[in-house]
Amino acid sequence: MIPVKPPTTYKEQIEKLRSRDCIIDDESEAIQILSYVNYYRLSAYFLSFKKFDGSYIQGTNFKTVYHIYEFDREMRHIIFSAIEEIEVFTRSTFAYYHAHTFGALGYLDHKNYNQKHKHTEFMAHIDSEKKKQAKELFVQHHNSIYGGQFPIWTIIELFSFRTLSLFILICQVNPKNI
């Protein structure tokens, strides 16, 4: 087994980059960037500039690699934001459809699912989510006021994106009605 590498200072990290032919125009700025991005995270962005011998291709600039990292970070933020909007829209639309098609507690009835659905397992999963998120105020509210009954528009908020996808997949749904 190879021993874990010892920690390096920012100055040592810069020297390591320079020894691999990375151009660093402003050392203090590079240290500042390394202090809040982390050398290890940033090193992944250097991989496409790396040659077989471990050095970087001629002209590899620290600032350029940092800009690529920043672009990737901002793109990830935009994508995750869009995914969140899609997820919230999907929850809302499907809960509305399901409630008006099968009733507030229609998700509890195994007849409202397709033939491949394992209702007991799915209900156990829902109960597990209620227990995991028992400290959430809306969970406490439904447990104390409604005896643990959760209408579809409430229970759907406990679903992970995976569970939400599974729920939509296993329901007896006519997509034209959604």
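When every residue of the range 151-165 is checked against the conditions, at least one turns out to be closer than 22 Å to Glu87 by Cβ, surrounded by 13 or more Cβ atoms within 10 Å (Cβ to Cβ) and free of Cβ contacts under 8 Å to residues at least 12 places away in the same chain. Scanning the range 2-31 for residues that are touching a Phe, Trp or Tyr at 6+ places or on another chain (Cβ under 7 Å) and part of a loop (DSSP other than H, G, I, E, B) returns Arg20, Asp21, Cys22, Ile24.
Looking across the range 69-103, the residues that are under 30 Å from Tyr39 (Cα atoms) and touching a residue at least 12 places away in the same chain (Cβ under 8 Å) come down to Tyr69, Asp72. Does Ile57 meet the test of being surrounded by 14 or more Cβ atoms within 10 Å (Cβ to Cβ), aliphatic (A, V, I, L, M), modelled with pLDDT of 95 or more and over 30 Å from Thr154 (Cβ atoms)? No; evaluated as a whole, the condition is false for this residue.
The values are calculated or read from the model by the stated rules, or taken from the named source; none is laboratory data. Treat the numbers as computed from the prediction; the structure is a model and nothing was measured. When we count neighbours, we look across all protein chains shown, and the Cβ atoms used for this are built from the backbone with ideal geometry, even at glycine.
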